[in-house]
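Participant: Provided herewith is a single structure, encoded as structure tokens, for subsequent inquiry.
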Amino acid sequence: MPRYKRQPIARHRIVDKLFFIVCLSAMIIPMLLLIILLGDVLITGIERLNLNFLTSFPSRKPQNAGILPAILGSSYLVLLTGIIALPLGISAAIYMEEYSKKNRLYYIIEITIANLASVPSIIYGMLGLTIFVRALGLERSILAGALTMSLLILPIIIITSREALHAVPRTIRDGCYALGATRWQMIWQIVLPTAFPNILTGAILAIARAIGETAPLIIVGAVSYITFLPISPFSEFTALPIQILNWISRPQPEFAVNASAAIIVLLTTMLLLNAISIFIRYRVNKQRNNW
Amino acid sequence: MQFQFLSAIVSTNNETIGNPMSDRQVILRTESLSASFENKKILNDINLEISKRNIMAIIGPSGCGKSTLLRCINRMHELIYGSTLSGRIYFENKNIYDKSVDPILLRRRIGLVFQKPNPFPSMSIKDNVLSGLWLTQKINKKTDSDHLVENALQQAVLWDEVKDRLDDSSLSLSGGQQQRLCIARALASKPDVLLLDEPCSSLDPIATQRIESLLLSLKNTYTIVIVTHNMRQAARISNTTAFLLSGRLIEYGETTHIFTSPQETQTEDYLSGHFD
């Protein structure tokens, strides 16, 4: 075969290879950085991570300090946030997908929610400070924090739930109507159970976000040094990210070790939540393989 | 050739099912029924009578409004955003588009099986069968319902294939089985009329044959209206046939007559495949 006919192909092959290498490194470099970062945290923090650390109060002495109030504060906060935001967000999604007429107002609301999802969290903090802490007089309470967090994750829950509802095919709804179901029955007994795994996945991811958020909590006044456990929604509280921030900002290197250990706890929780959501999705997809 | 072949099917069919239309009681009657979607007319002045305990086939080319006609009969058409409808449909001599008629109660008496199998993905096989009864609150989840499930699945000729895995996901079934499950689901609610919208279009010949014999066995209990693209199927199972063309009812009558001596040339052209 004449040489001039082969050349373009040879060049394409090189381009092909180059492109492959570019893509591969685009994946590997960030992964590597992440692994180095996590490795560093793990190596620094692991020695400090013991039962004592998990069950002690913060202290001026780094070797005595622990994250018990932070863990409880975070759990309390997330629990309340979930109780407030999930029913609200899922109901809003149901309204938008199943009831609302698709008119201009609907599209304005839709775009607004999408925009709200990308508003920086510190803005939500300011909003929470103005409304919940000051105007409603909730002070620096867990409730004020949870309400603020709820606002923050509401757009995410609405968007993911709407997608989940939207994914339930028209044919399934028709099938349900054809059996003589009311709209309420159709939504409650067929559409929601069908969309449930995807709604749950979205909810877990939103909750995971709420655990990690720091900025709004600083603004609404979570305290970092606390010597009691939060007992009611109106207690003052601290949360894991706040505790970490506090320790990092201290000059003594021992506190940095504490911060690393707390980061490990926080990351493990979030990875666990993400893993659960992936697992649920996997299970359901496998069960409903030919849907 | 095709035409003669169909006539041959009809003549054998006629010996096994043939019952003259005239003996029969009319259960459904449409009167100047027109339907449109976003200002596009889909059905135009349809006047059709459907008799009780009878299989009526509705034939016609794609997009002629067959499915819309079915959806009008159980008031599903109005669920589509942008749809309008005029005219009347009498079900047991009562206009179903009268204000006093609740479409939800109507749909409980007129079941519809869709072209694409649509079992409920969140439910097991058994729960799918019972779903209609739950939704209409004829039974609740505590009722002992095993015999209802077995009955419906037996009727739909699915029982033997699924009796050992009633609690499996409905999506573990094959396409043909899913369609029979949907028929079982519709039958379990004991409707008076069963509408079927090309129930066999995605099925293989064996599954199709099963569903056809199922329909034949049901015709003594139910009124069946089946939309089909398959002329042979219409000839094999129906007593009466209606031919629709671009939203108009060209003619309807006993299947034997329609297939052997149609009144309209358009029908003859369609049946013989000379249609363009």
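Participant: I'd like to know if the range A:181-190 contains one or more residues that are buried (at least 23 other Cβ atoms within 10 Å of the Cβ), out of contact with any Phe, Trp or Tyr (no Cβ under 7 Å at 6 or more places or on another chain), within 14 Å of chain B (Cβ to nearest Cβ) and of a type outside the set (S, T, N, Q).
Facilitator: So the first thing to find is which residues in the range A:181-190 are buried (at least 23 other Cβ atoms within 10 Å of the Cβ), and the list is A:181, A:190.
Narrowing further to those that are out of contact with any Phe, Trp or Tyr (no Cβ under 7 Å at 6 or more places or on another chain): A:181.
With within 14 Å of chain B (Cβ to nearest Cβ) added as a condition, the list becomes A:181.
Cutting the leftovers down to of a type outside the set (S, T, N, Q) gives us A:181.
For the range A:181-190, residues buried (at least 23 other Cβ atoms within 10 Å of the Cβ), out of contact with any Phe, Trp or Tyr (no Cβ under 7 Å at 6 or more places or on another chain), within 14 Å of chain B (Cβ to nearest Cβ) and of a type outside the set (S, T, N, Q): present.
Participant: Right, next: Only strands (runs of 3 or more DSSP E) wholly contained in the range B:47-113 count here; list those with 1 or more residues that are more than 13 Å from every other protein chain (Cβ to nearest Cβ) and surrounded by fewer than 20 Cβ atoms within 10 Å (Cβ to Cβ).
Facilitator: B:83-91
Participant: Something else about it: Does A:ILE108 qualify as being assigned by TED's automatic domain parsing to the domain that holds A:LEU151, more than 12 Å from A:ARG162 (Cα to Cα) and in a helix (DSSP H, G or I)?
Facilitator: yes
Participant: If you don't mind, another one. Provide a single number: the residues in the range B:121-143 that are more than 8 Å from chain A (Cβ to nearest Cβ), assigned to a loop (DSSP other than H, G, I, E, B) and under 18 Å from B:LYS190 (Cβ atoms).
Facilitator: Narrowing the range B:121-143 to residues more than 8 Å from chain A (Cβ to nearest Cβ): B:124-130, B:133, B:137-143.
Add one more test, that the residue is assigned to a loop (DSSP other than H, G, I, E, B), and what stays is B:137-143.
This time we only want the ones that are under 18 Å from B:LYS190 (Cβ atoms), so: B:137-140, B:143.
Here the count works out to 5.
Quick grid of which residues meet (1) at pLDDT below 85; (2) within 18 Å of B:PRO119 (Cβ to Cβ):
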{"residue": "B:ASN140", "(1), (2)": "yes, no"}
{"residue": "B:THR143", "(1), (2)": "yes, no"}
{"residue": "B:ASP168", "(1), (2)": "no, yes"}
{"residue": "B:CYS182", "(1), (2)": "no, yes"}
{"residue": "B:VAL193", "(1), (2)": "no, no"}
{"residue": "B:PRO199", "(1), (2)": "no, yes"}
{"residue": "B:GLU212", "(1), (2)": "no, no"}
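Participant: Which numbered condition in (1) farther than 14 Å from A:GLU97 by Cβ; (2) modelled with pLDDT under 90; (3) not hydroxyl-bearing (Ser, Thr, Tyr) is the only one that A:ASN198 fails?
Facilitator: Unmet for A:ASN198, out of (1) farther than 14 Å from A:GLU97 by Cβ; (2) modelled with pLDDT under 90; (3) not hydroxyl-bearing (Ser, Thr, Tyr): (1).
Participant: Take the residues in the range A:165-180 that are without any contact (Cβ under 8 Å) to a residue 12 or more places away in the chain and surrounded by fewer than 22 Cβ atoms within 10 Å (Cβ to Cβ); name whichever of them is nearest to the other protein chains (Cβ to nearest Cβ).
Facilitator: Filtering first and then ranking leaves A:THR171.
Participant: If A:SER100 satisfies all but one of (1) closer than 16 Å to A:ILE242 by Cβ; (2) of a type in the set (Gly, Ala, Ser); (3) within 14 Å of chain B (Cβ to nearest Cβ), what's the number of the condition it fails?
Facilitator: Looking at each condition in turn, A:SER100 falls short on (1).
Participant: Sort out for me the helices (runs of 4 or more DSSP H) sitting completely within the range B:210-276 that have 1 or more residues that are surrounded by fewer than 22 Cβ atoms within 10 Å (Cβ to Cβ) and within 19 Å of the chain's Cα centre (by Cα).
Facilitator: Details: elements: B:231-237, B:255-260, B:265-272.
So the answer is B:231-237.
Participant: Out of A:PRO197, A:PRO216, I need the residue that is buried (at least 21 other Cβ atoms within 10 Å of the Cβ) and part of a helix (DSSP H, G or I). Which one? Walk me through how you get there before you give the answer.
Facilitator: Details: A:PRO197 fails: buried (at least 21 other Cβ atoms within 10 Å of the Cβ).
Residue meeting the stated conditions: A:PRO216.
Participant: From the set of residues in the range B:159-197 that are assigned to a strand (DSSP E or B) and within 9 Å of chain A (Cβ to nearest Cβ), which is nearest to the chain's Cα centre (by Cα)? Can you show your working first?
Facilitator: If we filter the range B:159-197 for residues that are assigned to a strand (DSSP E or B), which is where we start, we get B:169, B:193-197.
Then keep just the ones that are within 9 Å of chain A (Cβ to nearest Cβ); that gives B:169, B:195.
Details: B:SER169: 26, B:LEU195: 3 Å.
Among them, the one singled out is B:LEU195.
Participant: Please find, among A:PRO69, A:PRO30, the residue that is free of Cβ contacts under 8 Å to residues at least 24 places away in the same chain, assigned to a helix (DSSP H, G or I) and of a type outside the set (A, V, I, L, M, F, W, C). Before you say what the answer is, go through the steps one by one.
Facilitator: Values: A:PRO69 fails: free of Cβ contacts under 8 Å to residues at least 24 places away in the same chain.
Answer to the check: A:PRO30.
Participant: State yes or no: is B:ASN151 at pLDDT 90 or above and within 21 Å of the chain's Cα centre (by Cα)?
Facilitator: When the stated conditions are applied, B:ASN151 does not pass them.
Participant: Residues being within 13 Å of A:VAL265 (Cα to Cα) and part of a helix (DSSP H, G or I): count how many of those fall in the range A:48-64.
Facilitator: 5
The values are calculated or read from the model by the stated rules, or taken from the named source; none is laboratory data. Every value quoted in this text rests on a predicted model; they were computed, and no experiment measured them. Using ideal geometry, Cβ is built from the backbone for each residue, glycine included, and neighbour counts are taken over all protein chains shown.
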